[in-house]
Amino acid sequence: MSPVFPMLTVLTMFYYMCLRRRARIATRGEIMNSHRTIESNSRASPLNAEVVQYAKEVVDFSSHYGSENSMSYTMWNLAGVPNVFPSSGDFTQTAVFRTYGTWWDQCPSASVPFKRTPPNFQSQDYVELAFEQQVYPTAVHVLETYHPGAVIRILACSANPYSPSPPAEVRWEILWSEKPTKVNASQARQFKPCIKQINFPTNLIRLEVNSSLLDYYTELDAVVLHGVKDKPLLSLKTSLIDMNDLDEDDYEEKDGCGMDNLNKKFSSIALREGPSNGYFDKLPYELIQLILNHLTLPDLCRLAQTCKLLNQHCCDPLQYIHLNLQPYWAKLNDTSLEFLQARCTLVQWLNLSWTGNRGFISVAGFSRFLKVCGSELVRLELSCSHFLNETCLEIISEMCPNLQDLNLSSCDKLPPQAFNHIAKLCGLKRLILYRTKVEQTGLLSILNFCSELQHLSLGSCVMIEDYDVIASVIGAKCKKLRTLDLWRCKNITENGIAELASGCPLLEELDLGWCPTLQSSTGCFAKLARQLPNLQKLFLTANRSVCDTDIEELACNCTRLRQLDILGTRMVSPASLRKLLESCKDLSLLDVSFCSQIDNRAVLELNVSFPKVFIKKSFTQ
């Protein structure tokens, strides 16, 4: 054989390896940019004209800055045509999520993150939008009007929210994803990511966001869905590009495969038993367990199929002490829980946030799982789990006697009477009821029986009639309370604040943002500062009456203060802020947006004197 042919073979192999290496190391942006070549092959013909539509309705969301009873800064502003775009700035007519940056992760109320979270799952919030017509998406445009860059994933759902009958199967497909990136400009932009084509029509789009790199709240104005009614034909070039997307580290491929494995019963009989497992036979059992602790859940499921020894290790309940199922919300169902059940008998931390919606998890399936796996549970995260009903909370109260941490944030479909069962969990130390329909009677019962509470969130709980009564009982019963969120509690007065301050001297974090009935003239903020010397975070957002006297009291008495929000006050001067900054050496966040006496020049001067403090000053164009 001529020596030319082996050389050609080697060159061919080298070329192929280079192509595969490029596919593996290319960033998501580079890969998605290659999809631009598809556009010339999939443009709509005259018979398949492109449909352009704004969102008809906001179906679901995880949080928002606004009130449940108004439209200012709420997710509902994403429905319909733009209200603000192309203007830039802080406008009440936009959709704003509850948090930004890493400030909330640095507060005393912050929870310890779950281990074994896939590195590519970094979503913090979401919003789901329904459109009038089902189409095959060709583009999704997001109109961002302030501090853009939070959107990191866009998904499409096969279910039609306007269909009178539930679908036999619900599929979610990722149209576009990217890691969080820093966008330096705060100006408005029309975000136009290159999306991939899917093989089903949709009128339900989900945006997932991560605001950790943002300097301030992101504001979204509208979402535009472009698509065609008939399924576009994919060219050969499209198929080749899609094959290059099959990166080993690709989030959607990797986790999709892994969660499908959860729905298959792994039988050790079917596993090949070789004569030897090599060095694994010589390693201590505990060391192998320690190594496997670094694997994600899908990887653990894959490894369980390799041999009997590793199957035994991967099915050991000690591998599932902390179980985070939130990253797999799009595929997790009753079958998944059933086959995890035998492995999770020792689970202590369980995260089911965002899971089970649209019939994926049934009440019966959830109940069966907790009856087997609930006895050791200490922490249970159920944020935005809309399958929950009163029976579920009753099961939790009966099957989880050791529960200390319960998160029901944005479970707004739970009926008020369901919360009565929480009172049976007398060992609770953390309870998150943000955006729920808990009523006064049920909450009073919880406070009377759960005296060990250290962290309590009642933000945007609009069904409570008298927050002064609630504050009085908190002060009398919850002596160990360290953090309290009363964001947008409409009717608390100086009387309730006085009861809180005298009864909960250990408070380190207090959120009184958008509580309009509190007036500085009553002395409530000054008394608060004198009686709560351990305060690290205090939000007095949008309280117009906060004055220099209050700031000076904080400077004298709350020297541990780290975060202060006085957005919107008219009565605070630069001089009092300077006293505060000189006294509170640990202060790192100060929001003075829309404070009429604090102009940009004053902010610049304070920044020069105190460079380690992030002083926020929002604006409206």
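Brief remarks on what is shown
- Among the residues of this structure, Gly359 counts as one that is of a type in the set (Gly, Ala, Ser), over 28 Å from Ile291 (Cβ atoms), open to solvent by 40 Å² or more (accessible area, probe 1.4 Å) and outside the structural domain of Val170 (by the TED database).
- Top-ranked residue of region 190-230 - restricted to ones that are charged (D, E, K, R) and in contact with a Ser or Thr (Cβ under 8 Å, 6 or more places away or on another chain), ranked as farthest from His147 (Cα to Cα): Glu208
- Asn420 in contact with a helix residue (DSSP H, G or I) (Cβ under 6 Å, 6 or more places away or on another chain), surrounded by 19 or more Cβ atoms within 10 Å (Cβ to Cβ) and touching a residue at least 12 places away in the same chain (Cβ under 8 Å): yes
- Residue within region 566-588 that is assigned to a strand (DSSP E or B) and open to solvent by less than 40 Å² (accessible area, probe 1.4 Å) present: no
- Where a residue in region 570-588 is farther than 16 Å from Ala526 by Cβ and its partner, wherever it lies, is charged (D, E, K, R) and part of a helix (DSSP H, G or I), with Cβ under 7 Å and at least six apart: Ser573/Asp548
- Restricting attention to region 284-340 and to residues that are in contact (Cβ under 8 Å) with a residue 60 or more places away in the chain and hydroxyl-bearing (Ser, Thr, Tyr), the residue that is farthest from Gly356 (Cα to Cα) turns out to be Thr296.
- Asp599 vs. criteria of a type outside the set (A, V, I, L, M), free of Cβ contacts under 8 Å to residues at least 24 places away in the same chain, out of contact with any strand residue (DSSP E or B) (no Cβ under 8 Å at 6 or more places or on another chain) and open to solvent by 70 Å² or more (accessible area, probe 1.4 Å): yes
- Inspection of region 542-552 finds no residue satisfying the criterion of being surrounded by fewer than 22 Cβ atoms within 10 Å (Cβ to Cβ), within 22 Å of Gln454 (Cα to Cα), assigned by the TED database to the domain that holds Leu590 and without any contact (Cβ under 8 Å) to a residue 60 or more places away in the chain.
The rows are residues; the columns are (1) of a type in the set (A, V, I, L, M); (2) without any contact (Cβ under 8 Å) to a residue 40 or more places away in the chain; (3) crowded, with 19+ Cβ neighbours inside 10 Å.
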residue	(1), (2), (3)
Thr483	no, no, yes
Trp487	no, no, yes
Ile497	yes, yes, yes
Cys504	no, yes, yes
Glu508	no, no, yes
Leu518	yes, yes, yes
Ser521	no, yes, no
Cys524	no, yes, yes
Gln531	no, yes, no
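- Scanning region 506-526 for residues that are of a type in the set (A, V, I, L, M, F, W, C) and closer than 22 Å to Asn69 by Cα gives Leu512, Trp514, Cys515, Leu518.
- You will find that of Ala159, Ala168, Ala150, the residue that is open to solvent by less than 30 Å² (accessible area, probe 1.4 Å), within 25 Å of Thr355 (Cβ to Cβ) and more than 19 Å from the chain's Cα centre (by Cα) is Ala159 and no other.
- Subset of region 113-139 [of a type outside the set (Ser, Thr, Tyr) and outside any strand (DSSP E or B)]: Pro113, Phe114, Lys115, Arg116, Pro118, Pro119, Asn120, Phe121, Gln122, Gln124
- Considering residues of region 171-205 that are basic (Lys, Arg) and assigned to a loop (DSSP other than H, G, I, E, B) only, the residue least open to solvent (accessible area, probe 1.4 Å): Lys196
- The set of residues from region 342-356 being open to solvent by 30 Å² or more (accessible area, probe 1.4 Å) and hydroxyl-bearing (Ser, Thr, Tyr) comprises just one member, Thr345.
The values are calculated or read from the model by the stated rules, or taken from the named source; none is laboratory data. Source: prediction; values computed, not measured. Don't worry about glycine lacking a Cβ; one is built from the backbone with ideal geometry, like all the others, and counts go over all protein chains shown. In case anyone asks, the SASA skips ligands and DNA or RNA and just uses the protein heavy atoms, side chains included. Shrake-Rupley method; radii C 1.70, N 1.55, O 1.52, S 1.80 Å.
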